[in-house]
Amino acid sequence: MTTYVNSALFVYTQKSEALVEQLHSNCFGTQLSALSFDSLLLNPEASLDGVRHVIIAGGLIEIKEIFRLALKYDFSVGLIPEKSEKKLLKYFNLPTESDKCIELACRENTQAIDLVLCNDNILLFKATLGWLPLLDTSADISKVRFLLESFKKSFRLKLLKFSFTTAKGQKITTAASGCILIQQQQESLISKIIGNDSTVNDGTISMVIFSPISLVVYSKILLRMLTAFRNKNRLPPGIGYIKSSQIDIETVPVLNVTIDDVSVTQTPLHCQVLREAIRLNIGDRLSNACQNVKTSKENVKISNLPGDKELDQISLKHIPIFAYASEERFRELFISLRDDAKMSSIYVTLMILSTLLATIGLFQGSTAVIIGAMLLAPLMAPIVSLSMGLLRGNIELLKNSASKIGVGIVLALSASAIITQLFPYKMVTDEMSARLSPSLLDLAVAIVSGAAGAYSKSYKEIMQSLAGVAIAVALVPPLAVAGIGIGRVDMNFFLQAFLLFSTNLIGITLAATFTFRVLGYSPIVYAKRGLGIVFVLFMVIAVPLYASYDQIVEKITFESAFKQKRFFVNGKYIIVQKVQLNRVNKPKIVTAEVLMRSTITRKDMQELKKKIQLHFPGKPIIRIQVIYNL
Amino acid sequence: MKLSHLFFLLTLLAVFSWFMKHESTPQITPSGNKIKVGIIAPFSGADKDIGDSGLQGIEISQALIPYLNNGDALELIMMDDKNSPEQSVEALRELSEKHKVTAIMILSDSDSVLAVAKVADRYKIPVFALSASHPDITKYSSFITQLNFDDTFQASVAALYVRDELLLDKVAIVAQSNNAHYLYLANEFSRQFNAAEGEITDTVYLTTARQDYLEILQKIKDRDPELLYLPLGINYLFAIKTALTELKWDPVIMLSDGLMANIKKQTKYPLNSFAGMLAVDTFSYDIHLTDLGKQLMKQIQLMGINLRSLDTYSALGMEGYALLVDIMNQCLESKNMRACINDSILGIERFEGITGFISFDKTGKAHRSLVINTINDDGTMDFIVQVY
């Protein structure tokens, strides 16, 4: 049964003065004395003497002041917030109709709730420090607006130094763009990340630390907020969470602190929860939720935040696109890469065997045997190590992996050259010819394989041998062909194949380096010099390849120009069946296969040549093969 | 060198290369002067569509190349000859004496151009025959230039395509006898096909489109030809098509040039009744274009014209105007532009047309490629082969 207070002090503001009459004539048997808010503040001690219950009709500022007095003079509070204070109504689960609100405010059974004081300011909803793109936004924001806002705010993100100390004395130092303290996170976007496990009387305050160490991490956080992610126990990268009865915050530089949307203080900030400090008339639903609530334990989740050792490297500049990583965070991977970079007898053996097999396959013109050689080739490990060495500027890793690759090249060339010498007949097969004119397309193969190699190394669940084959596709056959060139004592042969090999090696290294960077393995200050060297080498090698690619395009354009072409020469009809541009450089050499039903004379050939040279560029030398169509 | 500097240099290099590659031609300042050029075409009567299509092509080309290199513009003076030889000759006289034009483009058929050719020397004005293809066009006067391929080439290629590519042995010819162009095509096709050891099962000459063709076609059918070669006008084709339908006979049909354009524009027959027919032509929609062709296509898009609404006559109009401007630019310093144009065109070795290069011999006859198209169900045409 609902009981009501016998007497209460009604505190009103100018806006709520009209309620005085209504409250005086209440039907709950409550004797009311009315006092304006300003008069109360003039002499609170005298006004509140003997008062056990105060009903306040006003806005957030007045209500907070009454809470402060309640703390001091120990009275319970009934709330009649102004209509515009929707947040308050929602937060304390109060009815929106004024009759019902008055009824609730006059009730006797009040609920004790916590009060959070931050630098002596009452925090009812939230306190924010630094940049918090969207985290303090309401959850009902539209997805389009959310994305637009996120994009706009991404340009202003930067990390600062933050130190947090909990009630138990745990000190956390990290870099963050900002943090938000929340008494209750219902219906905010934050609840999508950390869930909703707080009540108004659990004796703790929650804090979310926002540390997007890169734009990629920032995007991941946004994605998590955008989608209703179920696993609230796993925080997104770049997000930290602390729940404690007391939190101290220090920042470098000093930051303004906004409490309940008003900038009221600065860091350092000391926030303390006063357990069940005041008693309030709150809505039934909230009141039920507050029953049997035990004091929450301290909870600290900071594994996704940058650690102490990385802090010195973090500048106050805008955050980078890709994440960075300390060696501690990926210890296992780095140990494995160091092992990969070391020379071993297995590597030497496999390198020789794979090249021998590739050389035999090339002489046989057998794709199957060449693929077998690729499966054996152990080239991926040192190349991936080299890429990581370049990215992180790790000289030891660089040296070891580069020398391992160098030894591999020498072994492969020697093995291939020796076996070529042993062959009595050193024919040039199609498989070899295909590796003598490298182009940008070969570089594309190398880049994709390099990216695949680095990617597979980063994830244990991917079979690394698969990416190893992809890398071997680009490296083993050209290396074997270069060795064949040495064996044939043909410098041009060697140089062309070796150009392809070098191109692919550089392409793979650069792609793997870039992939590691995208995946977040670069150090905070990454090795610009190492990357610069690879990039310059890449550009240098891309020039001849571009020329070669241009020639391929010219060849394809020229050959396709002859599709569906016919020639009428001296009363004879010539069907062009197939055209091959055998030499792109001047003079062009064209071989054409033509279908005819009449015999071709010297005069016809002259006329055909004239017509081809008139209509197709480059005045080519033309060779035709006539097939008679019966 | 810092990495950022390297990026900057490379970007600069890329931008520089791009500008070098896309260096635009200098803008021409209009001089305000106009040079008169006459256009004779059937702008009314049965062949009105030919004149309209050709003029549309000329206007597209003029929009792309509005001025000569000295800033002079071409003023086009149109004369309607209704595709009648007498009126064509009269138009020539009027353009010469009254309008004092510098050159003339004529879109009328071979009969009209032949009539004009016979009197052209009297007026000494260079005349560009854009669509007429009779081989004798350039025979009577040194002032006539033929832009289209000639009928000897057309008929020979058609015959050898049938014989050497389709590998057919027996062909029947049904031709329109009251037109020099069609008559010539029939004879030349027959000669070439026989020379290639093919058999012409029948050659039928028609004098009027109103004839009852059932009996004629039944006789032709009885001799079992594998293909009908039909050098004739659109009305004749309709009549034959009707008779073939009645006979339930569906042989391979090959048409002569220009007919495609007429088929597209007619409304009497459903377009799919012509589907599968082959035709010799100057132009096709899906053919490889030269740089000039690509520029003209862009201009067509700019002007909001549907490409598929254009036809062979439009293409010849575009090409003819571009050729005239090109030659006039060579004669800007000449005191007698008419004579200079006429002299310059003879022996041009490589003029870039829309679908390929064109050369002109000393008689003013063009040597160029032709295409063999097939008609689709919707009346559009697909290119099968291009013959040089």
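Worth pointing out:
- Flag: B:Phe283 does not match the condition of being in contact with a Lys or Arg (Cβ under 9 Å, 6 or more places away or on another chain), within 27 Å of B:Ser256 (Cα to Cα) and surrounded by 19 or more Cβ atoms within 10 Å (Cβ to Cβ).
- Note on the range B:189-206: residues that are among the aromatic types (Phe, Trp, Tyr), buried (at least 19 other Cβ atoms within 10 Å of the Cβ) and more than 12 Å from chain A (Cβ to nearest Cβ) amount to 1.
- Residue in the range A:607-625 that is within 23 Å of B:Leu289 (Cβ to Cβ), free of Cβ contacts under 8 Å to residues at least 24 places away in the same chain and among the aromatic types (Phe, Trp, Tyr) present: no
- Selection count, the range A:342-353, where residues are out of contact with any Leu (no Cβ under 7 Å at 6 or more places or on another chain), among the hydrophobic types (A, V, I, L, M, F, W, C) and either surrounded by 15 or more Cβ atoms within 10 Å (Cβ to Cβ) or free of Cβ contacts under 8 Å to residues at least 40 places away in the same chain (or both): 1
- Residue in the range B:336-344 that is outside any helix (DSSP H, G or I) and within 14 Å of chain A (Cβ to nearest Cβ) present: no
- Filtered residues of the range A:73-97 (kept if farther than 22 Å from A:Asn288 by Cα, more than 48 Å from the chain's Cα centre (by Cα) and in contact (Cβ under 8 Å) with a residue 12 or more places away in the chain): A:Tyr73
For every residue, the table says whether it meets (1) of a type in the set (Ser, Thr, Tyr); (2) without any contact (Cβ under 8 Å) to a residue 24 or more places away in the chain; (3) within 13 Å of chain A (Cβ to nearest Cβ).
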site	(1), (2), (3)
B:Val280	no, no, yes
B:Leu307	no, yes, no
B:Tyr313	yes, no, no
B:Lys365	no, no, no
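Every residue, every condition in (1) touching a strand residue (DSSP E or B) at 6+ places or on another chain (Cβ under 6 Å); (2) within 21 Å of B:Leu316 (Cβ to Cβ); (3) at pLDDT below 90, yes or no:
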position	(1), (2), (3)
B:Phe153	no, yes, no
B:Val157	yes, yes, no
B:Val162	yes, no, no
B:Leu168	yes, no, no
B:Ala175	yes, no, no
B:Asn179	no, yes, yes
B:Leu183	no, no, no
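- Those residues of the range A:354-390 which are out of contact with any Gly (no Cβ under 9 Å at 6 or more places or on another chain), surrounded by 20 or more Cβ atoms within 10 Å (Cβ to Cβ) and outside any helix (DSSP H, G or I), in sequence order: none
- Taking the listed residues B:Asp377, B:Asp361, the one that is away from every other protein chain (no Cβ under 14 Å) and exposed (fewer than 15 other Cβ atoms within 10 Å of the Cβ) is B:Asp377, with no other qualifying.
- Residues satisfying the stated conditions in the range A:247-270, i.e. of a type in the set (Val, Ile, Thr) and either surrounded by 15 or more Cβ atoms within 10 Å (Cβ to Cβ) or in contact (Cβ under 8 Å) with a residue 12 or more places away in the chain (or both): A:Ile247, A:Ile249, A:Thr251, A:Val252, A:Val254, A:Val257, A:Thr258, A:Ile259, A:Val264, A:Thr265, A:Thr267
- Near pairs, Cβ below 8 angstrom, 6+ apart or cross-chain, from the range A:380-392 (free of Cβ contacts under 8 Å to residues at least 60 places away in the same chain and within 17 Å of A:Arg331 (Cβ to Cβ)) to any residue that is among the hydroxyl-bearing types (Ser, Thr, Tyr) and assigned to a helix (DSSP H, G or I): A:Ser385/A:Ser401
- Being farther than 28 Å from B:Lys98 by Cα and modelled with pLDDT of 90 or more is a description that does not apply to B:Thr145.
- Scan of the range B:345-358 for residues that are touching a Leu at 6+ places or on another chain (Cβ under 9 Å) and away from chain A (no Cβ under 14 Å), ordered by number: B:Ile345
One line per residue, one yes/no per condition, for (1) surrounded by 23 or more Cβ atoms within 10 Å (Cβ to Cβ); (2) away from chain B (no Cβ under 14 Å); (3) at pLDDT 80 or above; (4) part of a loop (DSSP other than H, G, I, E, B):
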{"position": "A:Phe494", "(1), (2), (3), (4)": "no, yes, yes, no"}
{"position": "A:Ser502", "(1), (2), (3), (4)": "no, yes, yes, no"}
{"position": "A:Ile508", "(1), (2), (3), (4)": "yes, yes, yes, no"}
{"position": "A:Ala512", "(1), (2), (3), (4)": "yes, yes, yes, no"}
{"position": "A:Thr515", "(1), (2), (3), (4)": "yes, yes, yes, no"}
{"position": "A:Gly520", "(1), (2), (3), (4)": "no, yes, no, yes"}
{"position": "A:Leu531", "(1), (2), (3), (4)": "no, no, no, no"}
{"position": "A:Phe535", "(1), (2), (3), (4)": "no, no, no, no"}
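- The helices (runs of 4 or more DSSP H) found entirely in the range B:154-272 that carry 1 or more residues being under 19 Å from B:Ile372 (Cβ atoms) are B:180-195, B:234-247, B:259-265.
- Tally of residues being modelled with pLDDT of 70 or more and more than 11 Å from every other protein chain (Cβ to nearest Cβ) across the range A:552-584: 11
- Test: residue in the range B:76-98 that is in contact (Cβ under 8 Å) with a residue 60 or more places away in the chain, in contact with a Ser or Thr (Cβ under 9 Å, 6 or more places away or on another chain) and either within 18 Å of B:Ala117 (Cβ to Cβ) or among the hydrophobic types (A, V, I, L, M, F, W, C) (or both): no
- Test: residue in the range A:430-438 that is touching a residue at least 12 places away in the same chain (Cβ under 8 Å), closer than 15 Å to A:Ala474 by Cα and under 37 Å from the mean Cα position of the chain (by Cα): yes
The values are calculated or read from the model by the stated rules, or taken from the named source; none is laboratory data. In this text, all values refer to a predicted model and were calculated from it rather than measured experimentally. All Cβ positions, glycine included, derive from the backbone under ideal geometry; neighbour counts span all protein chains shown.
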